[in-house]
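First up is the structure itself, then whatever we jot down about it.
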Amino acid sequence: MSTLKKLQSYMVGRKALLPAALVLSAISSIFGIMPYVFIWFIIRELFNAGIDSSYNYITAYAWWAVGTAIVSIILYFIALSFSHLAAFRVETNMRRFAMQKIVRMPLGFFNSNTTGRIRKIIDDNAGITHSFLAHQMPDLAATILMPLTVLVLIFLFDWRLGIACLVPVIFSMVIMSSMMSDKGKQFMNSYMTSLEDMNTEAVEYVRGIPVVKVFQQTVFSFKNFHNSIIKYKNMVIDYTKMWEKPMSAYTVMINGFVFFLVPVAILIINHTGDYAQTILNLFLYVLITPVFSQSIMRSMYLNQALGQASEAVNRIEDLTEESSQLVLSNPKKINEHSIRFEDVSFTYLGSNKKAVDQVSFEIPEGKTTALVGASGSGKTTIARLLPRFWDADEGNIFIGETNVKDIDHKELMNNISFVFQNTRLFKISLMENIKYGKPYATIDEIENAVDMAQCREIISKLPNGLNTKIGTEGTYLSGGEQQRIALARAILKNAPIVVLDEATAFADPENEHLIQKAFKKLTKGKTVLMIAHRLTSVTSADNILVIDEGKILEQGTHKELLKKQGAYANMWNEFQQSVNWKIGKEESYV
């Protein structure tokens with residue numbers, strides 16, 4: 001009932017359709033039984049009077065049988081139409097509401113959840129609820145009502161034969177109930193988890209095919225993908241084997257009702273001597289007893305579908321239950337663009353160690369602060385707490401005098417430009433990619449951003465200039481060229497705060513030189529928080545923070561830190577030594 005209540009909350013404007021579908025399906029099931037009764041009347045007339053004398057009755061019963069069957073079909077069709085309309089509304093709203101929550105999630109949510117997993121959970125699970133509501137739910141009424149109607153009929157005609165046909169049904173129900181155990185629920189959970197894992201690994205495998213081909217590896221080089229398939233296969237085989245004997249026993253028992261009816265019918269004939277009536281009743285029981293079989297199978301499928309729907313709803317809710325960035329009732333504006341961290345701490349979900357530990361620093365408006373340190377020291381986490389990829393567990397982050405948590409998400413994003421080491425360009429034209437920074441920018445503004453980002457050389461060599469489409473249907477750019485296009489996008493946005501996260505990490509020397517020139521254009525007069533692993537790019541920063549294990553180890557300008565002869569000085573010396581490395585002349589051993 002809790003699952004149905006959850007699903008009903010998505011039936012905005014169509015809540016009445018599902019109950020109507022159930023009622024119509026119930027009436028349809030009653031009409032669906034009537035043809036069996038009219039066939040029995042026809043057989044009775046043939047037994048009692050023969051074809052010639054009962055022709056009119058037989059014809060009437062035949063037409064009634066056809067008529068009730070047609071009415072049953074029409075009512076069931078209407079019931080399915082109603083249930084489908086309700087199911088489509090639920091499926092649509094589940095996707096819409098889930099995506100509305102997803103887009104309000106902190107940006108860090110998308111780092112911890114792959115696109116394949118998000119798509120699988122939202123898209124496929126919404127489809128599962130559609131199948132349950134559209135097909136299984138209308139059968140619920142029939143599953144309950146048809147056995148009750150048949151139960152009345154079998155005791156109405158001959159209670160002894162009725163008891164005989166119920167014996168295998170009761171045994172079948174006992175076997176079925178033993179199969180509908182907690183193991184089934186556990187399997188459904190494992191089954192859907194395995195599908196998500198395979199979907200995620202399949203996406204990763206497809207993305208990595210170029211690497212596989214370059215290094216002449218096989219599919220088995222992607223062990224996670226292969227293992228997820230094997231795990232799924234083993235789980236399904238084990239579950240199938242678990243059902244093998246119970247399902248075989250159930251099938252034999254539910255279809256063996258004749259072996260109970262015929263001996264009882266013979267005993268009744270021997271006791272009463274009434275051949276005609278007993279054989280006539282036997283025909284009726286042979287006709288209607290399989291209805292129990294259908295009802296039990298329907299209940300099994302319904303229970304399985306309900307379990308799937310329940311798991312589907314729970315998975316969508318689990319995905320979207322993470323605290324989203326709420327729409328503020330009284331958001332505050334940003335009036336000044338200095339940045340201040342006050343005793344900020346943050347721990348990733350599932351970790352026992354703080355990624356950021358009591359960090360405090362200030363960046364005056366228009367100044368540049370650089371974060372340096374070893375990989376995994378917490379530099380990127382600090383930078384991403386500012387635009388609220390995640391919210392700090394302790395402490396506060398301010399832009400001007402306004403806490404970032406009090407700033408509307410759209411306002412916050414409008415005031416910050418990002419340039420990350422992993423550039424993402426869409427498979428559309430270069431102009432459309434650049435215009436993401438400012439959708440209503442004029443062509444002159446775009447051309448100016450291209451020049452400032454040192455992209456003119458890239459544009460001039462493309463067949464259609466800015467209108468060249470990149471990606472699978474167009475032109476491919478190198479990592480450094482993509483980075484410069486991303487810089488043009490950030491320059492066009494012209495936000496007063498800039499976050500640079502190792503933006504030259506994958507650039508060759510030529511592109512790095514051009515990117516550094518673009519940085520000067522991008523950051524001029526802006527408040528900048530930058531992360532760099534090449535220390536030459538931070539020497540001109542107004543302040544340098546050396547980060548180690550989530551803490552600020554030391555800070556100051558490049559010259560100040562060198563004088564301290566501390567961690568930064570050691571890093572600088574090591575960097576200078578690596579720059580001066582030369583490959584010596586190999587000795588000849590000929």
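So, of the residues in the range 17-49 that are touching a residue at least 60 places away in the same chain (Cβ under 8 Å) and small (Gly, Ala, Ser), which turns out to be surrounded by the fewest Cβ atoms within 10 Å (Cβ to Cβ)?
Only one residue tops the list, namely ALA20.
If you go through the range 71-94, how many residues are aliphatic (A, V, I, L, M) and within 18 Å of ASP124 (Cβ to Cβ)?
So the first thing to find is which residues in the range 71-94 are aliphatic (A, V, I, L, M), and the list is 71, 73-75, 78-80, 85-87, 90, 94.
Right, trim to within 18 Å of ASP124 (Cβ to Cβ) and you get 87, 90, 94.
The number of residues fulfilling the criteria is 3.
Taking strands (runs of 3 or more DSSP E) that do not extend beyond the range 330-421, which have at least 2 residues that are of a type in the set (Ser, Thr, Tyr)? Let's see the steps before the verdict.
On the way: elements: 339-346, 356-363, 368-372, 394-399, 416-420.
Ranges flagged: 368-372.
Does the range 159-172 include one or more residues that are more than 27 Å from the chain's Cα centre (by Cα), among the hydroxyl-bearing types (Ser, Thr, Tyr) and assigned by TED's automatic domain parsing to the domain that holds LEU195?
Our first condition is that a residue be more than 27 Å from the chain's Cα centre (by Cα); within the range 159-172, this holds for 159-172.
Then keep just the ones that are among the hydroxyl-bearing types (Ser, Thr, Tyr); that gives 172.
Okay, now just the ones that are also assigned by TED's automatic domain parsing to the domain that holds LEU195, so 172.
Within the range 159-172, one or more residues are more than 27 Å from the chain's Cα centre (by Cα), among the hydroxyl-bearing types (Ser, Thr, Tyr) and assigned by TED's automatic domain parsing to the domain that holds LEU195.
Would the range 444-452 turn up any residue that is assigned to a loop (DSSP other than H, G, I, E, B) and not assigned by TED's automatic domain parsing to the domain that holds GLN100? Can you show your working first?
Residues of the range 444-452 assigned to a loop (DSSP other than H, G, I, E, B): none.
The answer is no; no qualifying residue exists.
Going residue by residue through the range 563-580, is there one that turns out to be at pLDDT 75 or above, assigned to a strand (DSSP E or B), at negative phi and acidic (Asp, Glu)?
Scanning the range 563-580, I find no residue that is at pLDDT 75 or above, assigned to a strand (DSSP E or B), at negative phi and acidic (Asp, Glu), so the answer is no.
Restricting to the range 440-473, count the residues that are surrounded by fewer than 17 Cβ atoms within 10 Å (Cβ to Cβ) and small (Gly, Ala, Ser).
Selection size over the range 440-473: 3.
Suppose the filter is modelled with pLDDT of 85 or more, in contact with a Leu (Cβ under 9 Å, 6 or more places away or on another chain) and part of a helix (DSSP H, G or I); does ALA486 pass it? Full working, then the answer.
Details: modelled with pLDDT of 85 or more: no; in contact with a Leu (Cβ under 9 Å, 6 or more places away or on another chain): yes; part of a helix (DSSP H, G or I): yes.
Considered against the rule, which asks whether it is modelled with pLDDT of 85 or more, in contact with a Leu (Cβ under 9 Å, 6 or more places away or on another chain) and part of a helix (DSSP H, G or I), ALA486 comes out as no.
Output the qualifying pairs, or none if there are none: Cβ atoms under 6 angstrom, residues six or more apart or on different chains, first residue in the range 403-415 and under 12 Å from ASN335 (Cα atoms), second residue among the aliphatic types (A, V, I, L, M) and not in a helix (DSSP H, G or I).
Cβ pairs passing all conditions: ASN415/ILE334; ASN415/ALA495; ASN415/ILE497.
Tell me yes or no: at least one residue of the range 266-276 is in contact (Cβ under 8 Å) with a residue 60 or more places away in the chain, exposed (fewer than 14 other Cβ atoms within 10 Å of the Cβ) and of a type in the set (Gly, Ala, Ser). First the steps, then the outcome.
Narrowing the range 266-276 to residues in contact (Cβ under 8 Å) with a residue 60 or more places away in the chain: 268, 276.
Among the residues that remain, those that are also exposed (fewer than 14 other Cβ atoms within 10 Å of the Cβ) are: 276.
Right, trim to of a type in the set (Gly, Ala, Ser) and you get 276.
Scanning the range 266-276, I find at least one residue that is in contact (Cβ under 8 Å) with a residue 60 or more places away in the chain, exposed (fewer than 14 other Cβ atoms within 10 Å of the Cβ) and of a type in the set (Gly, Ala, Ser), so the answer is yes.
Which pairs do you get when a residue that is touching a residue at least 12 places away in the same chain (Cβ under 8 Å), found in the range 547-575, comes within reach of a residue that is of a type in the set (S, T, N, Q) and surrounded by fewer than 16 Cβ atoms within 10 Å (Cβ to Cβ), reach meaning Cβ atoms under 6 angstrom, with the pair 6+ apart or on two chains?
Cβ pairs passing all conditions: HIS558/THR539.
Determine, yes or no, whether LEU553 is modelled with pLDDT of 70 or more, in the same structural domain as SER345 (by TED's automatic domain parsing), over 30 Å from LYS333 (Cβ atoms) and surrounded by 15 or more Cβ atoms within 10 Å (Cβ to Cβ). It would help to see each step written out before you state the result.
Working: modelled with pLDDT of 70 or more: yes; in the same structural domain as SER345 (by TED's automatic domain parsing): yes; over 30 Å from LYS333 (Cβ atoms): yes; surrounded by 15 or more Cβ atoms within 10 Å (Cβ to Cβ): yes.
In short, yes.
The values are calculated or read from the model by the stated rules, or taken from the named source; none is laboratory data. Owing to the predicted nature of the structure, the values given are computational and were not obtained by experimental measurement. Every residue, glycine as well, gets a Cβ built from its backbone with ideal geometry; the counts of neighbours run over all protein chains shown.
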